[in-house]
1. Check 298, 287, 320 and return the single one that is surrounded by fewer than 18 Cβ atoms within 10 Å (Cβ to Cβ) and within 19 Å of residue 214 (Cβ to Cβ).
2. Could you tell me which of the residues 388, 400 is of a type in the set (Asp, Glu) and farther than 25 Å from residue 319 by Cβ?
3. In the range 216-268, what residues are outside any helix (DSSP H, G or I), more than 20 Å from residue 301 (Cα to Cα) and of a type in the set (Gly, Ala, Ser)?
4. Output the number of the condition that residue 1 fails; it satisfies all remaining conditions of (1) out of contact with any Gly (no Cβ under 9 Å at 6 or more places or on another chain); (2) modelled with pLDDT of 95 or more; (3) assigned to a loop (DSSP other than H, G, I, E, B).
5. In the range 180-214, how many residues are in a strand (DSSP E or B), open to solvent by less than 10 Å² (accessible area, probe 1.4 Å) and among the hydrophobic types (A, V, I, L, M, F, W, C)?
6. Taking the range 49-73 as the search range and keeping residues that are part of a loop (DSSP other than H, G, I, E, B) and farther than 16 Å from residue 421 by Cβ, which one is least open to solvent (accessible area, probe 1.4 Å)?
7. Consider residue 225 carefully, then state whether it is free of Cβ contacts under 8 Å to residues at least 12 places away in the same chain and small (Gly, Ala, Ser).
8. Is it the case that residue 295 is part of a helix (DSSP H, G or I), among the aliphatic types (A, V, I, L, M), closer than 23 Å to residue 424 by Cα and under 20 Å from the mean Cα position of the chain (by Cα)?
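The values are calculated or read from the model by the stated rules, or taken from the named source; none is laboratory data. In this text, all values refer to a predicted model and were calculated from it rather than measured experimentally. Every residue, glycine among them, receives a Cβ derived from its backbone with ideal geometry; neighbour counts consider all protein chains shown. Accessible surface areas use protein heavy atoms only, side chains included; no ligands, DNA or RNA. Shrake-Rupley method; radii C 1.70, N 1.55, O 1.52, S 1.80 Å.
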Amino acid sequence: MAIVGENEVLYKKEDLISYECDGYTMYKGMPRAVVFVKDTEEVSDVVRCLTKEEIPYIARGAGTGLSGGATPLGGEVLISLVKMKRMLRLDLENRKAVVEPGYINLKLTQSISDKGAHCLKYGVTTNHILGLEIVLPSGEIVEIGEGGVPDQPGYDLLGLLTGSEGTLGIVTKVTVKVLKNPEGKKTALAYFDDIDDASQAVSDIIAAGIIPAALEMMDEIAIEGVESAAYPVGHPRDIAGFLLIEVDGIAAGIDDQIEEILAVCKQNNVREVKVAKDEAERSLWWANRKMGFGAMGAMSPDCLVQDGVIPRTRLPEVLAKITEISRKYDLRIANIFHAGDGNLHPLILFDASVPGESERASKAGSECLKVCADVGGSITGEHGVGIEKSAEMRFIFTDEEIAAQTNIRNVFNPEDLLNPGKLFPQPGRCVEVTRRDHEEMHLVP
C-alpha cells in the first residue's frame with residue numbers, strides 16, 4: 001500500500017471474487033490481493049517488494065484471456081494493468097504507435113481511423129509488435145526492440161517475450177505496427193449443403209493465389225446460435241455451413257477478386273452466393289459472426305471454447321473427427337473458425353450443473369486438440385496455453401523440448417514467482433494425471 005496507496009489495493013474476499021478467473025471459467029482460484037498500478041515505475045516497485053517477500057504474482061489485463069493465463073491457482077497477488085491506458089506516441093509517418101497495456105486494440109483503431117490507418121489487421125500478434133518495455137521479475141526495467149525497427153540482429157527476444165504468456169516479465173509499453181486502411185473492400189457469403197464442399201472451397205481459394213483479408217466458416221450448430229442472438233442475418237437453417245469472405249486492397253481489383261472467389265465456390269457445389277450490397281449489410285454480417293461465441297449462451301448454460309490449428313487440406317477429416325468426439329461424449333459441438341489459416345474453434349456446449357458434464361466437456365476439448373496435433377497442427381492458434389492446455393503441450397512437444405523451454409523461463413524467472421504453474425506441464429507426468437489433478441483442485445462444480 002505504501003507504493004500505490006491504500007485505495008489501489010483490494011484484499012477483502014467480496015472484492016476478490018471478480019478476479020477468480022479470466023475468460024476461461026472452468027477453473028477458479030482466489031487471489032491473495034489485487035494491486036492497481038498506474039505506470040512502469042509502480043510495476044517495478046511492486047515486483048521488487050513481492051520478490052523480496054517471496055510472494056508469487058500475476059500480471060492481469062482486461063481478464064478476457066480464454067486459457068486461464070491470469071487465473072490465480074496458489075493465492076498469487078494480481079498486478080492489474082487496467083489503469084495503464086494511455087497512448088504515449090503516434091507516429092503515422094513511420095506507421096507505429098506506442099501504447100500502455102491497458103490501451104486496447106479497439107480503442108487504438110478508433111482513435112486513428114480518421115487518419116486513414118488500422119492496427120493489427122493481418123497476421124498473428126507477433127508480426128505486429130515492434131518493441132516492448134518489460135519489467136523483469138528482478139524489478140529491472142528493460143526495453144526490447146528499442147526504436148521499433150523490425151528484424152533487428154541478435155536473438156529474437158521480442159518474439160520470445162510476445163509468446164511467453166506473462167511468465168518471463170510484465171509488459172508495460174508496446175510499440176505496435178500501424179497499417180493503412182485498404183482503398184476498397186468487398187464481403188461475400190457462400191452457403192453450402194455439405195461441410196466438405198465448404199472446406200474444399202477454402203483450400204481452392206488459397207490454391208488459386210487469392211489471399212482474402214478474412215475467410216471465416218460456421219457450421220449448422222453455430223448458425224443456430226448466431227441466428228438466435230442479437231444480430232440475425234437470415235442464414236438458412238438447413239445449410240451445413242457458410243463461408244464469410246472479405247477481400248480488400250486497391251479498389252480497381254476488388255471486383256475481379258470477388259468474381260474469382262465466387263467461381264471457386266460454384267465449382268464446389270455452393271447453394272447460394274451473395275455480395276454485401278452496402279456497408280450496412282456488410283457490418284450486419286460481421287456483427288453476426290462476431291457474436292458467435294456469446295451466442296452459444298442462447299443454446300447452452302455453459303460453453304468451453306477450444307482453439308487448435310490444422311493444415312487447411314485436413315479440414316474435412318478433422319471436422320468429421322470432431323463430430324465423432326461430440327457423439328462419444330454426448331455433447332453438442334459448434335464450429336466457428338478462421339478457415340483461411342486453419343484456426344479452429346470447437347465450442348463444446350454443456351451444463352455445469354449436471355454431475356460429470358464439466359469433466360466430459362474437458363475431456364472432449366482435450367481430444368479435439370489431440371486431433372489437431374495428430375494431423376500436423378497445433379493445440380492453440382491465438383488463445384494461448386495458460387492452464388487450460390498445459391497438459392496438452394505434450395501432444396506437440398517431447399520432454400526434452402519442454403525442458404529446453406522451461407530452462408529459458410528459469411533464466412528470466414528463476415524463483416518462478418511470476419505466473420507460476422502456467423504454460424508447461426509438470427515434468428514426468430502424463431496428460432491424464434495432470435488434467436485429473438486440476439479437475440480435483442480447481443474445476444468449477
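1. Exactly one residue qualifies, and that residue is 287.
2. None of the others qualify; the one that does is 400.
3. 234, 240, 241, 249
4. (2)
5. Final tally of qualifying residues: 4.
6. Ranking the candidates gives 63 first.
7. No; evaluated as a whole, the condition is false for this residue.
8. Spelling it out, it is not the case that residue 295 is part of a helix (DSSP H, G or I), among the aliphatic types (A, V, I, L, M), closer than 23 Å to residue 424 by Cα and under 20 Å from the mean Cα position of the chain (by Cα).
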